[in-house]
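Some notes on the structure that comes next.
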Amino acid sequence: MRINRKRLQESMDALGRVGETRGGGLTRLALSDEDRRGRDLLIGWMREAGLSVSVDRMGNIVGQRAGAEGLPPVMMGSHADSVPTGGKYDGQLGVLCALEAIRSLDDHRVRTRHPVGMIIFTNEEGARFQPAMLGSAVMAGKIPLEDAYNARDRDGVRLGDELERIGYLGPEPCLPRPFRAYLELHIEQGPVLEEERIPVGVVEGIVAISWSRLVLRGVQDHAGPTPMRIRHDALVAAAEVIRGVRDIPRRIGGDIVATVGRLDVAPNIPNAIPGRAGLSIDLRDPEDATLDRALGLLDRAVKDAARHEGVSYELEHYWRVPRTPFHLEVVGAIEAAARSLGCGYRRILSGAGHDAQYMATICPTGMVFVPSRGGRSHCEEEFTAMDDIEHGANTLLLAAASLAGRVE
Ligand code: GLV
Ligand code: MN
Ligand code: MN
């Protein structure tokens, strides 16, 4: 049993046009009109494939194919939202490979003991609404539904209102359900598989992640008449913090990564001293204890920068996901599937967060990675070769069928 590569490619092309950018990438922010159009297209395909489709109160879309017995389903899935000027593979590839796996079970008239299904999670990226992975977080009971609804984008628009506006505030409760397993195919988003010329990554787990937000408040004043000696410039303090964040990995060593990805400056005009600067800080490491150490260094760096410039600040470490090891049985099923295909594979740790990280807290979970060209993602240049995708999708299909139990 194998997937239909041509059909998968056609689906990738069609979905990839929804929110396509001039540079050949994708801007399909969570709960935008583009997200709604992508969801509508996917639901149409899921219904054509005979799935029973439901939408929960977080807008997560769940489709299920009947099993031979009334058992908990094996779920596959990922997300269909993207970052701004992102790529056409992050998230959507996992959703489409899940759909293709289900279509392939039908092509080959395979019956399984457990039902097999797919989930499309809401707001995985955390680009528009923070934090990331909100749909799976609520499903896993890690973030209350009301808190998720109250997340606001840059313009102050509420997530709950946007869900309603695009018609995806569904009736089903968003709760942990009994799942036999959850499987997610995703691009690696790093360089390892490509460098080693290996098409399939058997993901053993995901690193620990921490997100913080910092607001620095200085004194907004005129850029001309205000002498340097009396200034309290929020952006100058921000610059020192950014430098300090960059120094954290140098001081700690090992695999830790640290990023300031967002900077909002007010009033953001040429002739005023910035009175306010907002920053995001993203820290990741395979070990939770290392992140604790990094957060201590961050606290120190912010305190020092604020003192040097005479500004006040609020620093909030508002989101934390621990290192997540995947389930041995699921990892084993994925590895066995790759082995049976005769393609190269290796075990790998994910440096990116995925819905699988929250799903792992409620059911046996694992992931399949495929290579990213140049290791690049969250950019328009994101690309994975179709030969690699085919190996990955077949691995997903065979692992799901084996966990669901084929009925001969
Ligand atoms: C999700 O894209 C993440 O931030 O890892
Ligand atoms: Mn993703
Ligand atoms: Mn992403």
**OP:** Output the qualifying pairs, or none if there are none: Cβ atoms under 7 angstrom, residues six or more apart or on different chains, first residue in region 390-401 and open to solvent by 10 Å² or more (accessible area, probe 1.4 Å), second residue small (Gly, Ala, Ser).
**Re:** Leu398/Ala337; Leu398/Ser340
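Within region 315-372, can you find the residues that are in a loop (DSSP other than H, G, I, E, B), over 18 Å from the mean Cα position of the chain (by Cα) and either without any contact (Cβ under 8 Å) to a residue 40 or more places away in the chain or within 16 Å of ligand 2 (Cβ to nearest atom) (or both)?
Of all residues in region 315-372, those in a loop (DSSP other than H, G, I, E, B) come to 322-323, 326-327, 342-344, 351-354, 360-364, 371-372.
Subset that is over 18 Å from the mean Cα position of the chain (by Cα): 327, 342-344, 363-364.
Of everything in region 315-372, just one residue is in a loop (DSSP other than H, G, I, E, B), over 18 Å from the mean Cα position of the chain (by Cα) and either without any contact (Cβ under 8 Å) to a residue 40 or more places away in the chain or within 16 Å of ligand 2 (Cβ to nearest atom) (or both), namely Gly342.
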**OP:** Scan (1) basic (Lys, Arg); (2) at pLDDT 95 or above; (3) over 30 Å from Ala305 (Cβ atoms) for the single condition Arg177 breaks and write down its number.
**Re:** (2)
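From the list Val368, Val311, Val407, Val321, pick out the single residue that is touching a Pro at 6+ places or on another chain (Cβ under 9 Å) and β-branched (Val, Ile, Thr). So that I can check it myself, show each step before the final result.
Values: Val368 fails: touching a Pro at 6+ places or on another chain (Cβ under 9 Å); Val311 fails: touching a Pro at 6+ places or on another chain (Cβ under 9 Å); Val407 fails: touching a Pro at 6+ places or on another chain (Cβ under 9 Å).
Matching residue, one of Val368, Val311, Val407, Val321: Val321.
Just give me the residues in region 383-408 being outside any loop (DSSP other than H, G, I, E, B) and of a type in the set (S, T, N, Q), in sequence order.
As a first pass, look at region 383-408 and keep what is outside any loop (DSSP other than H, G, I, E, B): 386-404, 406-407.
Correct list: Asn394, Thr395, Ser402.
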**OP:** Give just the number: which of (1) assigned to a helix (DSSP H, G or I); (2) closer than 25 Å to Val138 by Cα does Ala14 not satisfy?
**Re:** (2)
**OP:** Please enumerate the residues belonging to region 249-281 that are closer than 12 Å to Leu214 by Cβ and open to solvent by 20 Å² or more (accessible area, probe 1.4 Å).
**Re:** Val260, Arg262, Leu263, Asp264, Arg276, Ser280
Original post:
How many of the residues in region 55-112 are open to solvent by less than 30 Å² (accessible area, probe 1.4 Å), of a type in the set (S, T, N, Q) and over 16 Å from the mean Cα position of the chain (by Cα)?
Top reply: 2
Original post:
From the set of residues in region 375-389 that are acidic (Asp, Glu) and crowded, with 16+ Cβ neighbours inside 10 Å, which is nearest to Pro84 (Cα to Cα)?
Top reply: Glu380
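Rundown of residues vs (1) modelled with pLDDT under 95; (2) open to solvent by 10 Å² or more (accessible area, probe 1.4 Å); (3) outside any strand (DSSP E or B), yes/no style:
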{"site": "Leu163", "(1), (2), (3)": "no, no, yes"}
{"site": "Gln189", "(1), (2), (3)": "no, yes, yes"}
{"site": "Glu194", "(1), (2), (3)": "no, yes, yes"}
{"site": "Arg197", "(1), (2), (3)": "no, yes, yes"}
{"site": "Gly201", "(1), (2), (3)": "no, no, no"}
{"site": "Gly205", "(1), (2), (3)": "no, no, no"}
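The values are calculated or read from the model by the stated rules, or taken from the named source; none is laboratory data. As the structure is a prediction and not an experimental result, all values here were calculated from the model. Note: ideal-geometry Cβ built from the backbone for every residue, glycine included; neighbour counts use all protein chains shown. Keep in mind that these areas ignore ligands, DNA and RNA; they rest on the heavy atoms of the full protein, side chains included. Shrake-Rupley method; radii C 1.70, N 1.55, O 1.52, S 1.80 Å.
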